[in-house]
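Worksheet: the structure to be examined is printed underneath.
What follows draws every value from the coordinates through simple rules; no lab data is involved. In this text the structure is predicted, and so the values were computed from the model without any measurement. Positions of Cβ are generated from backbone atoms using ideal geometry, with glycine treated the same way; all protein chains shown enter the neighbour counts.
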C-alpha cells in the first residue's frame, strides 16, 4: 500500500479538480476534506484545526508522499518541519510559502526530496516570494516554473504522477 496524500488548498476540497484528477491517476491516494474555509475564522486558527486533522490522518503510517496545493502546500511543509523522518517526498503545487503562518526560524532547512511546480502568472501565492522561500526551506529542491497561474490546471494534467510519487 502506497502512503500518498493530497492536501487541498484554502477554499477547495479533496473533491476539487486536483483531488479528483489525482484520485483517477493514483486510486490509492488519500484525498481528505479538511475543515472548510470560513472568512470569520482567522487563518492561524484554521491552520491549527487542519494541522490537527492532518496529524491524525498521517499518524497511522510512515514514509508519506505528500502532495500539497497552495494552503495545503503550507500544511505539507509544516508537517515536514515537525516530522521529517515520516516523509519520503513532498510535492508542492503553487505552495503558499511566503506567509507569517510559516514559523520555521527554530528549524533547519528540510533535506527530504521536494519538488515544486509553480505558475509564473500566479497572483495568489506570488511566484517570486514563494520561490525565494522554497530555496530557504529546502536543501533537496527541484523548483519548476510553469507557464500557468495559481490553479495549475494546465500543468497538473501534463505531469507524470506515477513517476513523481514512486
Once the Cα gyration tensor of region 4-164 is found, what semi-axes does its equivalent ellipsoid get, as square roots of 5 times the eigenvalues, in whole Å, sorted largest first?
19, 19, 18
What is the gain in length, in nm to one decimal, between residue 33 and residue 2 on full extension, counting 0.36 nm per residue of separation less the C-alpha to C-alpha distance?
9.2 nm
The Cα radius of gyration of region 42-96, divided by 2.2 N^0.38 Å with N its residue count, comes to 1.05
What shape does region 1-66 take by its C-alpha gyration tensor, where a ≥ b ≥ c are the square roots of the eigenvalues and a/c under 1.5 counts as rounded, a/b above b/c as prolate, and the rest as oblate?
oblate
The rounded separation in angstrom of the Cα centers of region 1-77 and region 109-161 is 17 Å
Here, residue 143 and residue 99, labelled 7 Å along Cα→Cβ, have an inter-label distance in nm of 1.9 nm
Can you give the calculated 222 nm mean residue ellipticity of the chain, where each DSSP H run of n ≥ 4 adds -39,500 (n - 2.57) and the sum is split over every residue, rounded to the nearest 500 deg cm²/dmol?
-9500 deg cm²/dmol
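Can you tell me the order of 38-48, 145-155 when each peptide is scored by its average per-residue count of other Cβ atoms within 10 angstrom, highest first? Mind dumping the intermediate values first?
Working: 38-48: 12.3, 145-155: 16.8.
Going from most to least packed, we get 145-155, 38-48.
Specify whether the C-alpha gyration tensor of region 116-166 places it in the rounded, prolate or oblate class, a ≥ b ≥ c being the square roots of the eigenvalues: rounded for a/c under 1.5, otherwise prolate if a/b is larger than b/c and oblate if not. Can you show the working numbers first?
On the way: a/c = 2.84, a/b = 1.10, b/c = 2.58.
It comes out oblate by the Cα gyration axes.
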Under a Gaussian network model of the chain whose springs join Cα atoms within less than 10 Å, the largest fluctuation of 77, 116, 156 belongs to 156
Net lengthening on full extension, residue 123/residue 157 (0.36 nm per residue, minus Cα-Cα):
10.2 nm
Quote the convex hull volume per residue of region 75-166, based on C-alpha atoms, as a whole number of Å³.
90 Å³
Pick from 94, 134, 52: which residue has the top mean-square fluctuation in a GNM of the chain where Cα pairs under 10 Å get a spring?
52
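Assuming R0 = 22 Å, what is the FRET efficiency of residue 56 and residue 136, from their Cβ-Cβ distance, to the nearest 0.05? Mind showing how you got there, number by number?
Numbers: r = 29 Å, r/R0 = 1.32.
After rounding to 0.05, the efficiency reads 0.15.
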Please build a GNM for the chain, connecting alpha carbons under 10 Å apart, and tell me which residue among 82, 133, 53 fluctuates the most.
82
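Explain nothing, just the number: relative contact order of region 4-164, from Cα pairs under 8 Å at least 6 residues apart, as a whole percent.
On the way: 292 pairs, mean separation 31.2, N = 161.
Relative contact order here is 19 percent.
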